[in-house]
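Beneath this line is the structure, given in structure tokens, with notes to follow.
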There are 2 protein chains.
Amino acid sequence: MEDTKRIIVMENIMDENDRISIMINEKLSSHGFFAINVLGAPGIGKTSVIKSIISRIGDTKCYVVEGDIESDIDTVALKNLGIETVQINTHGSCHLDAPSILSSLPDFKGDNGGLVFIENIGNLVCPAEFNIGEHIKMLIVSVADGSDKPYKYPLAFEKADIIILNKCDLQPYVDFDEEYFTSGVRALNKITPIFKVSSRGQTGYEEVITWIMNRRHIL
Amino acid sequence: MEDTKRIIVMENIMDENDRISIMINEKLSSHGFFAINVLGAPGIGKTSVIKSIISRIGDTKCYVVEGDIESDIDTVALKNLGIETVQINTHGSCHLDAPSILSSLPDFKGDNGGLVFIENIGNLVCPAEFNIGEHIKMLIVSVADGSDKPYKYPLAFEKADIIILNKCDLQPYVDFDEEYFTSGVRALNKITPIFKVSSRGQTGYEEVITWIMNRRHIL
């Protein structure tokens, strides 16, 4: 009985989330904004990837919505670089949901479109289940965390539109089996591109940006 | 109204979980077993830490309960080393709970006590909220994942009885501010020891084992 009640409550929450997600996506699109839901485990380098992309993006207007359980460490760092950033603290909740994004979106008046990066809570599980108005999901993984992640956390890899393999500067010092990793991704997801970058060494980002800008114009 | 219903359902689930957790703990204790709930983000090295401890533990009987969303990669690896291991696949759920442990515990007949390692789902958020019958919580973190984790994911650090700082062989190649990390831990948790290890280099484990064996005899 408890389980049935739980399932009904969860279904209602997911339906409501999806309804609001579509509303957000329409609002963003109507203002010419392309939104990227940035997913990945804690410490994988989500903020570093966002910073690296924005620093190379030229004149395109960029916003960041920064999701954290607690703290505003990344928001402070992004604002110090002159990047317009909104903080969402979930105070315990392990993912962002559409209602929290709806109430946090910047006022786009006077803007002519651009990119909105939504950095999700550091978690390779739950955030993949919730649409939050994004146009694409960008999944960040790292060579330091082993090559078996697609096998153990399939949903995030299945749903990703672009995969960033970060911390490639550490590859000589860790046991990362790239073939095994790629096979795992391809078993779940035939087409999503995998880009190898190092945020510390600032390598590999040109290809990422070309892909994002092309994808933005296709959608 | 939806929120109220959700809170009531969640409270009932947590109460039931705690009741079963106490039951498991009593059962383990009565058989002389000391259970360690192993927490940490995906790819942080939870299985490697467990393997490294067990390989040095001498004659003490050890079991592993291996929690994964999908796959039995770690269970196969542990069994290949002759370690008795039980697999739990949660198929989507982001944490282990007490009912899943209750139905998975080995039959302890004929045993004279030992250690039970329960490797939780790779997630620095949700598993910290659920007691699963353990005597202590062991939190694994890594120098490759940045020094701000205690500030961003406080609950896991607050609840940890022992913290293992893994992948210390990578310290020369990453930006890990140890003082900032330790200050963050100490703001949440005055007493929990922090042990620096490298599972790849097999360093730092003697102190970890001494601490576990002492703690086992105190409780």
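The values are calculated or read from the model by the stated rules, or taken from the named source; none is laboratory data. What you are looking at is a predicted structure, and each value in this text was computed from that prediction instead of being measured. Glycine gets a Cβ as well: all are built from the backbone with ideal geometry, and neighbour counts include every protein chain shown. Accessible surface is based on the protein model in full, side chains and every heavy atom, while ligands, DNA and RNA are left aside. Shrake-Rupley method; radii C 1.70, N 1.55, O 1.52, S 1.80 Å.
Diagonalising the gyration tensor over the Cα atoms of segment A:26-78 and scaling each eigenvalue by 5 before taking the square root yields semi-axes of 21, 14, 11 Å, largest first. Expressed as a fraction of 2.2 N^0.38 Å, the C-alpha radius of gyration for segment A:4-111 is 1.18. For the segment B:40-48, counting C-beta atoms of other chains within 10 Å of every residue's C-beta and taking the mean gives 6.
Cα centroids of segment B:98-150 and segment B:1-60: how far apart, whole angstrom? For segment B:98-150 versus segment B:1-60, the Cα centre distance is 4 Å. For B:MET10, the distances from its label point to the matching points in the remaining copies are 1.4 nm, ordered from shortest, with each point set 7 Å beyond Cα toward Cβ. Modelled spin labels at B:HIS217 and A:ASN214, positioned 7 Å past Cα toward Cβ, are 6.5 nm from each other. Projected over all directions and averaged, the alpha-carbon convex hull of segment A:79-219 occupies 10.0 nm². For B:LEU39, neighbours were defined as the other residues whose beta-carbon sits under 13 Å from its Cβ, and their charges (Lys and Arg +1, Asp and Glu -1) total -1. Give the separation of the Cα centroids, segment A:179-209 to segment B:161-219, in Å. Result: 32 Å between the Cα centres. For the peptide A:142-152, the mean number of other protein chain Cβ atoms found within 10 angstrom of a residue's Cβ is 6. For the protein assembly as shown, the solvent-accessible area of protein heavy atoms averages 42 Å² per residue (probe radius 1.4 Å; ligands and nucleic acids excluded).
Note on A:SER100: accessible area approximately 30 square angstrom, rounded to 10, probe 1.4 Å, nucleic acids and ligands left out.
Using the Cα coordinates of the protein assembly as shown, the gyration tensor eigenvalues translate into equivalent-ellipsoid semi-axes of 37, 25, 20 Å, sorted from longest to shortest. Residues within the reach of a label modelled at B:LYS61 (point 7 angstrom out along Cα to beta-carbon, backbone nitrogen below 17 Å), restricted to segment B:102-120, are B:104-118. Rounded to the nearest Hz, the phi-derived 3J(HN,Hα) couplings of segment A:99-110 under the Karplus curve 6.51 cos²θ - 1.76 cosθ + 1.60 (θ = phi - 60°) are x, 5, 6, 3, 7, 10, 4, x, 7, 8, 3, x, where x marks glycine and proline. Put simply, chains B and A cover up around 3300 Å² of each other's accessible surface, both sides summed, when a 1.4 Å probe is used. Charge tally around A:ASP18: other residues with Cβ under 12 Å, Lys/Arg +1 each, Asp/Glu -1 each, net -4. In this structure, the residue pairs whose Cα-Cα separation is over 19 Å, taken from A:LYS137/A:LYS196; A:LYS27/A:LYS79; B:LYS79/B:LYS196; A:LYS27/B:LYS152; A:LYS152/B:LYS46, are A:LYS27/A:LYS79; B:LYS79/B:LYS196; A:LYS27/B:LYS152.
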